[in-house]
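Since the structure comes first, as structure tokens, the remarks are kept for the end.
The values are calculated or read from the model by the stated rules, or taken from the named source; none is laboratory data. From a predicted model like this one, the values you see are computed outputs, not experimental measurements. Reconstructed Cβ throughout: ideal geometry from the backbone, glycine too, with neighbour counts over all protein chains shown.
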Amino acid sequence: MKIASGWILVSGGSSGLGAACVDRFLELGCSVLNFDIAPPRTDVLTRFPNRCQYVSGDVTKEEDVRSAIALGTKRFKKQLSAAITCAGILHSERAVGRDGAGSLDSFRRVVEINLIGTYNVARLSAESMSQVEVPVADADADAERGVIVMTASIAAFDGQTGQSAYAASKGGVAAMALPLARDFGRLGIRVVCIAPGVFETPMMQVAPEKVRSGLLAETPFPHRFGEPREFALTVQHVIENAMFNGCTLRLDAGLRMPAK
Ligand SMILES: NC(=O)c1ccc[n+]([C@@H]2O[C@H](COP(=O)([O-])OP(=O)(O)OC[C@H]3O[C@@H](n4cnc5c(N)ncnc54)[C@H](O)[C@@H]3O)[C@@H](O)[C@H]2O)c1
């Protein structure tokens, strides 16, 4: 997929990994819509006023996502060609703790935002991409309508103590990559999931020092946390390289998370 062929939707683009994707794709000359429940840093909007749009909304709401896609298509006067789902929340709670069973409402909220929200953005983005007319000249095996890059976590595979909700939500995202790729294959749309290890974002910067140092100790090389731009570079490569489809890529410097 040529990176600037259409416009790019980034959910959760106001912070961390999503914000790094917004920055990267704006630098590459793309038109980017940041769909996030919280507002972005203003400098991005002022540096690229014609190619950057922020829309406030919730990934779990059908109407919010539909209107953002419609707005982007109208505003940028081209079709959606890539959707990057970064919106998500972290949650830690033992299934049975000192005060008894963990909260069912918290479990539902995490799954609602991280898994159902990701599915909502993926399905509505693919619906919009499916309306793109592929030029006759491109009508060969590689004629792509779009790419969807979803963000899971290595917690999908090595969830730690207290991560049952978060791990379940991210495991669901990783598990969806193949069936969604199969659903969308006939439409010329690829689906790839990235499972990051630990990246220096506001989400991880608030983690207790004990948790951070424990994770760093288990990171073989490079012995540091990831930079958000390294995540954005991976997303760029996945979009540009048509052979990635229906899979989950670990991006974790070899980290296998311990139980605690
Ligand atoms: N940072 C890491 O180490 C790491 C590791 C593995 C996976 N992840 C995943 O990567 C994604 C991005 O994480 P991050 O570290 O950049 O976090 P972050 O907290 O910096 O950014 C997350 C963004 O999602 C937005 N958001 C939350 N709920 C939303 C909703 N309902 N609708 C729309 N937007 C919503 C937030 O406002 C925020 O801007 C998340 O899904 C996270 O689970 C992060």
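Inspect all residues belonging to segment 19-30 and state whether any of them is under 21 Å from Val132 (Cα atoms) and either of a type outside the set (Phe, Trp, Tyr) or more than 16 Å from the ligand (Cβ to nearest atom) (or both).
Let us first name the residues in segment 19-30 that are under 21 Å from Val132 (Cα atoms), namely 25, 29-30.
Still in the list and also either of a type outside the set (Phe, Trp, Tyr) or more than 16 Å from the ligand (Cβ to nearest atom) (or both): 29-30.
Among the residues of segment 19-30, at least one is under 21 Å from Val132 (Cα atoms) and either of a type outside the set (Phe, Trp, Tyr) or more than 16 Å from the ligand (Cβ to nearest atom) (or both), which makes the answer yes.
Can you go through Ala175, Ala137 and tell me which one is surrounded by fewer than 18 Cβ atoms within 10 Å (Cβ to Cβ), of a type in the set (A, V, I, L, M) and modelled with pLDDT under 95? Break it down stepwise before answering.
Numbers: Ala175 fails: modelled with pLDDT under 95.
Sole residue among the options that is surrounded by fewer than 18 Cβ atoms within 10 Å (Cβ to Cβ), of a type in the set (A, V, I, L, M) and modelled with pLDDT under 95: Ala137.
Can you tell me which residues in segment 142-172 are under 30 Å from Lys78 (Cα atoms) and either in contact with a Pro (Cβ under 6 Å, 6 or more places away or on another chain) or not acidic (Asp, Glu) (or both)? Give the steps one after another, and end with the answer.
First, the residues of segment 142-172 that are under 30 Å from Lys78 (Cα atoms): 142-152.
Within segment 142-172, Ala143, Arg145, Gly146, Val147, Ile148, Val149, Met150, Thr151, Ala152 meet the criteria.
Residue pairs, Cβ under 7 Å, 6 or more apart or interchain, first in segment 15-36 and more than 20 Å from Met204 (Cα to Cα), second modelled with pLDDT under 95 and within 13 Å of the ligand (Cβ to nearest atom). List them.
Hits for this filter: Leu26/Val44; Asn34/Pro40.
Return only the number of the condition from (1) in a strand (DSSP E or B); (2) away from the ligand (no atom under 13 Å from the Cβ) that Asn34 does not satisfy.
Condition (2) is where Asn34 drops out.
Does Arg145 satisfy being modelled with pLDDT under 95, over 28 Å from Leu255 (Cα atoms) and out of contact with any Lys or Arg (no Cβ under 7 Å at 6 or more places or on another chain)? So that I can check it myself, show each step before the final result.
On the way: modelled with pLDDT under 95: yes; over 28 Å from Leu255 (Cα atoms): yes; out of contact with any Lys or Arg (no Cβ under 7 Å at 6 or more places or on another chain): yes.
So Arg145 fits the description; yes.
Would segment 55-72 turn up any residue that is within 25 Å of Glu227 (Cα to Cα), out of contact with any Asp or Glu (no Cβ under 7 Å at 6 or more places or on another chain) and among the basic types (Lys, Arg)?
Just the residues of segment 55-72 that are within 25 Å of Glu227 (Cα to Cα), to begin with: 59.
Remaining after also requiring out of contact with any Asp or Glu (no Cβ under 7 Å at 6 or more places or on another chain): 59.
Next, only the ones that are among the basic types (Lys, Arg) stay: none.
For segment 55-72, residues within 25 Å of Glu227 (Cα to Cα), out of contact with any Asp or Glu (no Cβ under 7 Å at 6 or more places or on another chain) and among the basic types (Lys, Arg): absent.
Got a sec? Which helices (runs of 4 or more DSSP H) wholly within segment 93-183 have at least 3 residues that are within 22 Å of Ala207 (Cα to Cα)? Please lay out each step first, then the result.
Numbers: elements: 104-111, 117-129, 155-158.
Of the helices (runs of 4 or more DSSP H) lying wholly inside segment 93-183, those with at least 3 residues that are within 22 Å of Ala207 (Cα to Cα) span 104-111, 155-158.
Looking at this structure, is Arg186 within 15 Å of the ligand (Cβ to nearest atom) and either out of contact with any Asp or Glu (no Cβ under 9 Å at 6 or more places or on another chain) or within 15 Å of Asp158 (Cα to Cα) (or both)? Before you say what the answer is, go through the steps one by one.
On the way: within 15 Å of the ligand (Cβ to nearest atom): no; either out of contact with any Asp or Glu (no Cβ under 9 Å at 6 or more places or on another chain) or within 15 Å of Asp158 (Cα to Cα) (or both): yes.
No.
Report the residue count in segment 54-113 for those that are out of contact with any Leu (no Cβ under 8 Å at 6 or more places or on another chain), within 16 Å of the ligand (Cβ to nearest atom) and either in contact (Cβ under 8 Å) with a residue 24 or more places away in the chain or within 20 Å of Phe35 (Cβ to Cβ) (or both).
Step one: of segment 54-113, the residues out of contact with any Leu (no Cβ under 8 Å at 6 or more places or on another chain) are 56-61, 63-64, 67, 70, 74, 77-79, 81, 85, 87-113.
Retained after the next criterion (residues that are within 16 Å of the ligand (Cβ to nearest atom)): 56-61, 63-64, 67, 85, 87-93, 105-113.
Narrowing further to those that are either in contact (Cβ under 8 Å) with a residue 24 or more places away in the chain or within 20 Å of Phe35 (Cβ to Cβ) (or both): 56-61, 63-64, 67, 85, 87-93, 106-107, 109-113.
Of the residues in that region, 24 qualify.
Residue by residue through segment 37-52, note down the ones that are surrounded by fewer than 21 Cβ atoms within 10 Å (Cβ to Cβ) and within 16 Å of the ligand (Cβ to nearest atom).
Just the residues of segment 37-52 that are surrounded by fewer than 21 Cβ atoms within 10 Å (Cβ to Cβ), to begin with: 37-51.
Across segment 37-52, the qualifying residues are Ile37, Ala38, Pro39, Pro40, Arg41, Thr42, Asp43, Val44, Leu45.
Do you know which of the residues in segment 216-236 that are among the small types (Gly, Ala, Ser) and either at positive phi or out of contact with any Pro (no Cβ under 8 Å at 6 or more places or on another chain) (or both) is modelled with the lowest pLDDT? Before you say what the answer is, go through the steps one by one.
Start the filter on segment 216-236 by keeping residues that are among the small types (Gly, Ala, Ser), which leaves 217, 226, 232.
Those still in the list that are either at positive phi or out of contact with any Pro (no Cβ under 8 Å at 6 or more places or on another chain) (or both) too: 217, 232.
Values: Ala217: 95, Ala232: 98.
Of everything passing the filter in segment 216-236, Ala217 is modelled with the lowest pLDDT.
Given Leu251, Leu215, which one is farther than 30 Å from Asn120 by Cα, within 11 Å of the ligand (Cβ to nearest atom) and hydrophobic (A, V, I, L, M, F, W, C)?
On the way: Leu251 fails: farther than 30 Å from Asn120 by Cα.
Criteria check complete, one pass: Leu215.
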